[in-house]
1. Using just the alpha carbons, could you tell me how many Å³ per residue the convex hull of segment 314-449 encloses?
2. With label points built 7 Å along Cα→Cβ from the Cα atoms of Ala379 and Asp51, find their separation and express it in nm.
3. Considering only protein heavy atoms and a probe of 1.4 Å, how much of the accessible area of the chain is carbon and sulfur, as a whole percent?
4. Using 10 Å bins from zero, what percent of all Cα-Cα pairs in the chain falls into each bin?
5. Hey, what's the chain come to in accessible area per residue, 1.4 Å probe, Å²?
6. With a sphere of radius 15 Å drawn around the Cβ of His30, what net charge do the other residues whose Cβ falls strictly inside it have (Lys, Arg +1; Asp, Glu -1)?
7. Once phi is turned into θ = phi - 60°, what whole-Hz ³J(HN,Hα) does the Karplus curve with 6.51, -1.76 and 1.60 give for every residue of segment 25-40, x standing for Gly and Pro?
Amino acid sequence: MRARVLGHYLAARRRVAPDHFRDRAALEAHQLRLLRRVLARAPRRYAYYADLGTGPAGRPAELSDLPVLDKPDVLRHFAGLNRRGLSLAECLAAARAAETGRDFTTTLGGLSVGLSSGTSGQQTAFLTSPAERDRWAGEVLARALPRGLLAGARVTLVLRAGGPLYESVDGGRVSFSFVDLALPPDRLVASVVAARPTVLVAPPSVLRMVAREWGGRPAPERVLSAAEVLEPADAAEITAGLGVRVDQVYQAAEGFLGMSCREGTLHLAEDLVLVEREPGGDGWNRRDDGDDGEDGEDGRFVPVVTDLVRSSQAVLRRRLGDVLVPGTCGCGDVRLAVREIVGRSDDALLLPRADDPATRAPFYPDFVRAAVLAAPGVADFRVVQEADDAGGPAGPLVRLAVEPRETFDAAAASLRERIGRAGLVPPTIVPMAFEPHDRLRKLRRVRRA
């Protein structure tokens with residue numbers, strides 16, 4: 001393991017201790033110190049922020065002086081938002097060629113090029129320098145290894161793409177193995193089992209396959225879900241099959257965003273990123289507790305992220321597509337606890353409000369999941385809301401696929417009932433064929449076409 005990785009690991013190990021920041025004020029003071037440096041350097045590093053030198057009335061720039069960037073903004077200004085001025089087209093071409101050839105050593109301008117999953121409909125590239133890869137490795141190891149670096153670990157990563165970002169962790173007491181997500185299912189599962197991981201990191205859809213074939217082998221010391229939303233039913237199946245609680249890694253093209261603590265609660269990595277919270281649904285961030293019939297506000301929000309340590313790409317006030325529900329944790333860490341990542345904001349069904357049919361409100365993926373799985377016998381499902389004009393005068397059209405197929409009527413009725421209970425107008429629900437999941441793309445059980 002490189003000395004620089006070890007240095008980042010030791011620094012992070014101290015910083016991620018639950019009692020390192022005595023309160024939120026101490027954490028925010030830490031963030032402010034890093035933010036001032038980021039804002040001071042941004043005009044020199046990124047063409048997009050060349051005029052950021054001072055804010056209104058000549059005062060130093062503040063975070064609020066920057067615009068909030070959505071995915072289309074990032075795609076449009078890609079060259080101005082990276083330190084080398086690389087175009088999106090050349091980065092996408094290099095990353096796609098690497099994926100086709102399954103060779104993830106591609107670099108441009110001294111930066112490694114990775115490809116996003118394209119969950120939101122359009123792919124982008126992410127760039128990392130050698131120094132950033134070393135930092136990522138140290139930060140993740142400090143949070144992921146249950147017994148620390150000296151105890152050692154066999155880390156197995158099941159991901160769509162490997163490459164230098166992940167290989168930074170290999171060596172010394174930590175051995176690393178990468179299992180290609182493109183392998184046929186039987187070979188993929190066999191490769192994971194043969195690796196005998198003490199730390200296993202994979203998407204929930206893969207962890208379910210592995211759990212079904214684990215066969216009573218000794219449990220890994222830690223299992224981490226990554227890349228896809230970890231739904232409660234999947235978590236229960238994985239935990240039962242592997243014999244250990246499944247935790248979460250929260251990471252995106254925007255960087256490393258959080259990981260579960262020793263209590264199993266996801267905490268945002270607020271020592272590395274500053275997170276602004278935008279309300280997640282214009283007042284319709286409503287909790288549906290299912291059988292007890294009690295609804296209430298749960299504070300769900302869309303994160304706007306500013307990375308405080310990354311330099312190859314500017315991640316300043318990036319609005320993510322995810323919807324998060326805040327929670328509580330008894331571990332003592334003041335970093336924000338997240339009860340659940342419920343899905344993407346652009347995957348929520350948009351349905352007319354019963355009290356104002358001209359206005360639409362979101363019915364979130366977690367609500368859809370709870371409704372469909374409440375129908376007896378449903379093992380898996382897919383829901384797609386079609387384009388606005390697909391339903392014609394009848395209003396919105398939603399297509400529903402369930403496994404097994406004979407549970408469709410009960411699942412559709414449950415979904416309509418829950419939508420009505422939320423104060424929305426139930427859509428027309430029609431059956432569609434259940435298509436197997438393409439493992440090279442994130443599993444999205446609910447989406448809006």
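The values are calculated or read from the model by the stated rules, or taken from the named source; none is laboratory data. Since the model is a prediction, treat every value here as computed from it, not as a measurement. When we count neighbours, we look across all protein chains shown, and the Cβ atoms used for this are built from the backbone with ideal geometry, even at glycine. What goes into the accessible areas is simple: the full protein's heavy atoms, side chains included, and nothing from ligands, DNA or RNA. Shrake-Rupley method; radii C 1.70, N 1.55, O 1.52, S 1.80 Å.
1. So the per-residue Cα hull volume is 178 Å³.
2. In this crude label model, Ala379 to Asp51 measures out at 5.9 nm.
3. Roughly 51 percent of what the probe reaches on the chain is carbon or sulfur.
4. 4, 19, 30, 28, 15, 4, 0
5. 43 Å²
6. Charge balance in the 15 Å sphere: 0.
7. 4, 5, 5, 5, 5, 4, 4, 5, 4, 5, 5, 4, 5, 4, 5, 5
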